[in-house]
Amino acid sequence: MGDVLKKVPVREQDAKVRATNFDEVCLGYNKEEAIEEAQRCIGCKNAQCVKGCPVSINIPGFIGKVKEGNIEAAYQVISESSALPAVCGRVCPQESQCEGKCIRGIKGEPVSIGKLERFVADWAREQGIKPEGTTEKKGKKVAVIGSGPAGLTCAGDLAKMGYDVTIFEALHEAGGVLVYGIPEFRLPKEAVVKKEIENVKSLGVKIETNVIVGKSVTIDQLLNEEGFSAVFIGSGAGLPKFMGIPGENANGVFSANEYLTRSNLMKAFKAESPTPIMASKKVAVVGGGNVAMDAARTALRLGAEVHIVYRRSLEELPARVEEVHHAKEEGIIFDLLTNPVEILVDEKGWVSGMKCVRMELGEPDASGRRRPVVIPDSEFVLELDTVIMALGTSPNPLISSTTEGLETNKWKCIVADEANGKTSKEGVYAGGDAVTGAATVILAMGAGKAGAKGIDEYLSGK
Amino acid sequence: MYQILQARELTTNIYLMEVKAPRVANSCLPGQFVIVRMDEEGERIPLTICDYNREAGTITIVFQTVGSSTFIMKDLKTGDAFHDVVGPLGCASELTDESVEDLKKKSILFVAGGVGTAPVYPQVKWLHEHGVDADVIVGAKTKDLLILEDEMKAVAGNLYVTTDDGSYGRSGMVTKTIQDLVEQDGRHYDLCVAIGPMIMMKFVCKMTKELNIPTIVSLNPIMVDGTGMCGACRVTVGGQVKFACVDGPEFDGHQVNFDEAMQRQQMYKTTEGRAFLAAKEGDTHHGGCGHCE
């Protein structure tokens with residue numbers, strides 16, 4: 001056995017090799033490695049890790065089963081709380097959640113909870129083991145809008161309680177951000193996402209694709225004409241933000257949403273895909289979040305030299321440490337304390353460069369982060385052919401503008417009670433990015449869970 | 001799957017299909033569009049809804065073969081199906097928001113160019129059904145490329161057909177007919193709705209600005225999701241960035257930056273051109289690029 005203060009290392013694809021393919025970066029634990037890592041869990045009675053988990057997985061419980069080598073039992077423990085363990089094991093920010101609270105982390109490295117969850121979910125999938133459903137029938141229909149992490153979790157939980165659930169998805173494929181946003185090399189679509197969605201369907205959940213609620217049908221029609229007793233809105237983040245600088249509509253400027261959707265959902269990274277993606281030589285990705293890292297690493301794999309342009313310093317990068325680390329290993333260049341002021345355009349309307357200024361950090365602002373200030377006379381030009389804006393999103397008004405009595409806040413996000421997802425409209429619940437603005441997969445799942453609980457309370461009292 | 005109940009060639013390279021899509025047919029209005037996909041790997045193709053039948057649950061689409069996807073799509077037959085049809089997308093024509101009394105007081109001119117005749121048709125038909133007869137100019141390069149003439153004649157007030165080469169109807173561009181109607185025939189119009197190739201809409205707007213006729217255009221930029229998520233369809237209207245899929249597709253034509261919109265349409269021209277040749281010529285290159293042989 002290795003050093004008990006350290007995690008059992010996880011195997012990864014070599015950085016040089018993976019920079020040229022779309023296969024998964026992290027290869028995960030095998031059974032021996034998982035059991036060895038599980039031994040490091042001391043099985044706290046008052047487990048702090050569970051408190052750090054937005055969906056309250058019984059972490060010592062499932063790790064205990066892994067210790068015994070009973071992976072199927074471990075899977076059923078996780079399934080009680082999470083509909084998407086193979087997804088969460090890959091994309092959750094464990095370092096700030098479960099693993100961030102692990103007692104082992106006080107002196108040494110925390111237990112590798114994320115990698116263990118991933119191993120258990122992958123093993124169960126390979127063995128064809130599905131989550132346990134219920135035969136109980138409540139005889140009530142619930143509509144879930146959006147098949148991303150919030151919607152899938154809410155639908156799965158409601159189906160387990162015996163509700164007749166239909167998910168309405170606007171795109172042609174279920175999964176939301178799991179299929180259009182997060183790249184293949186972090187979250188394989190066929191092997192992982194599709195299978196977890198199949199698991200949710202195996203609980204009895206129906207998914208109708210190509211339905212844009214607010215356009216194809218309204219929430220009031222679902223409630224009054226289609227026989228649904230309650231609705232959960234998990235429609236996700238919205239319209240991409242741009243900087244508002246000159247040259248932003250030039251050919252070669254994309255939102256990260258567009259770039260990633262082309263590559264992930266439409267498979268434009270494959271030569272045979274009918275959906276095109278720009279073949280770039282030199283790319284700047286503006287922003288420092290996980291989406292920026294995903295876009296940068298996608299562009300790199302498509303053959304470009306890629307720069308992350310971020311106005312603060314390394315410490316303030318909002319992306320997960322693991323993602324930044326992987327990006328650096330693969331050869332992404334970080335131009336920190338740098339802010340674009342203009343996109344330069346050639347005579348034919350294509351991007352030829354980006355004028356930037358250097359920044360330094362001043363006094364902390366309202367968010368507590370030190371405010372970036374422009375260094376005078378620091379202007380310089382980055383020569384490039386592509387700019388990808390990864391600056392976050394603003395809410396999509398499609399649902400709020402077509403649903404009477406649905407309250408939104410000043411940022412146009414839907415107002416919902418954090419504990420149960422209740423909105424200002426009777427029978428309508430909401431959660432995930434549509435409520436909070438862009439956040440993480442696991443927070444959306446937590447909100448989906450709360451929404452399912454709220455809907456059950458509402459319909460039980462009826 | 002979305003079954004094709006009728007598929008026919010209207011004229012060279014322009015095809016009409018009637019497709020079963022009950023949710024779209026139930027809620028769509030003139031001016032809105034759908035996105036279709038042929039198969040599991042297919043590209044998402046935005047197309048304006050050209051007619052709909054709520055009882056039968058069907059919509060009609062008209063498209064021109066412009067790239068590899070539409071080149072393959074033209075071979076779909078009655079009885080085949082689309083893998084996906086989603087919609088209705090975008091905002092309905094503003095005309096559908098106005099009261100019929102107000103519309104009846106207005107003199108409206110529609111200007112349709114080429115395949116743009118298809119999206120003009122449901123608007124003229126909708127007005128006709130509400131007792132408002134609008135004048136329509138339909139322009140085509142040549143007689144053979146004219147579509148939906150009989151259909152349009154049945155719902156329009158006055159129909160003026162013009163061909164660029166003078167092979168049928170009037171002779172010359174649609175802008176000439178607009179000018180003739182106003183300056184020679186003394187017609188007065190309160191509103192113009194122009195739908196067609198970007199370059200046509202640009203010049204119609206230039207003309208109607210001089211003639212002081214407020215003008216609505218319908219833009220068809222590059223799109224991916226069509227729900228506001230990707231921002232590929234951004235256009236500058238009155239100095240503001242708008243997303244054609246959620247803020248449009250119809251805009252005040254006198255405010256649209258057409259040069260930028262046309263330049264943005266070129267984004268994937270080279271890639272699409274290659275894909276089109278591959279679709280047309282198969283694995284073997286037969287010199288269609290014009291550079292070899």
Within the range B:78-101, residues without any contact (Cβ under 8 Å) to a residue 60 or more places away in the chain and either within 9 Å of another protein chain (Cβ to nearest Cβ) or of a type in the set (A, V, I, L, M, F, W, C) (or both) come out as B:VAL100
Is there any pair linking a residue in the range A:202-215 that is more than 13 Å from every other protein chain (Cβ to nearest Cβ) to one that is among the β-branched types (Val, Ile, Thr), with Cβ under 6 Å and at least six apart or on different chains, and which?
-> A:VAL205/A:VAL165; A:LYS206/A:THR166; A:ILE207/A:ILE167
Would you please list the contacts, defined by Cβ atoms under 6 Å and residues six or more apart or on different chains, that run from a residue in the range A:360-386 that is farther than 17 Å from A:GLY247 by Cα to a residue that is in a loop (DSSP other than H, G, I, E, B)?
-> A:GLU360/A:ILE375; A:ARG371/A:ASP365; A:PRO372/A:ARG311; A:PRO372/A:ARG312
Could you grab me the full set of residues in the range A:427-462 that are in contact with a helix residue (DSSP H, G or I) (Cβ under 9 Å, 6 or more places away or on another chain) and not in a helix (DSSP H, G or I)?
-> A:GLY427, A:VAL428, A:TYR429, A:ALA430, A:GLY431, A:GLY432, A:ALA438, A:ALA439, A:THR440
Is there any pair linking a residue in the range B:168-183 that is without any contact (Cβ under 8 Å) to a residue 24 or more places away in the chain to one that is open to solvent by 70 Å² or more (accessible area, probe 1.4 Å) and in a strand (DSSP E or B), with Cβ under 8 Å and at least six apart or on different chains, and which?
-> B:LYS176/B:ARG170; B:ASP180/B:ARG170
Please enumerate the residues belonging to the range B:221-239 that are assigned to a loop (DSSP other than H, G, I, E, B), open to solvent by 10 Å² or more (accessible area, probe 1.4 Å) and either within 7 Å of chain A (Cβ to nearest Cβ) or basic (Lys, Arg) (or both).
-> B:THR227, B:MET229
Give, as residue ranges, the helices (runs of 4 or more DSSP H) completely inside the range A:1-66 that count at least 3 residues that are within 20 Å of A:GLU80 (Cα to Cα).
-> A:48-51
Might you check whether a residue that is part of a helix (DSSP H, G or I) and open to solvent by 10 Å² or more (accessible area, probe 1.4 Å) occurs anywhere in the range A:330-341?
-> yes
Checking A:VAL142 against (1) surrounded by 21 or more Cβ atoms within 10 Å (Cβ to Cβ); (2) within 23 Å of the chain's Cα centre (by Cα), the condition it does not meet | (2)
Filtering the range B:201-220 for residues that are closer than 19 Å to B:CYS233 by Cα, in contact (Cβ under 8 Å) with a residue 40 or more places away in the chain and either of a type outside the set (S, T, N, Q) or surrounded by fewer than 19 Cβ atoms within 10 Å (Cβ to Cβ) (or both) leaves a count of 4
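The values are calculated or read from the model by the stated rules, or taken from the named source; none is laboratory data. These numbers come from a predicted model, not from an experiment. Positions of Cβ are generated from backbone atoms using ideal geometry, with glycine treated the same way; all protein chains shown enter the neighbour counts. SASA here: full protein model, heavy atoms, side chains in, ligands and nucleic acids out. Shrake-Rupley method; radii C 1.70, N 1.55, O 1.52, S 1.80 Å.
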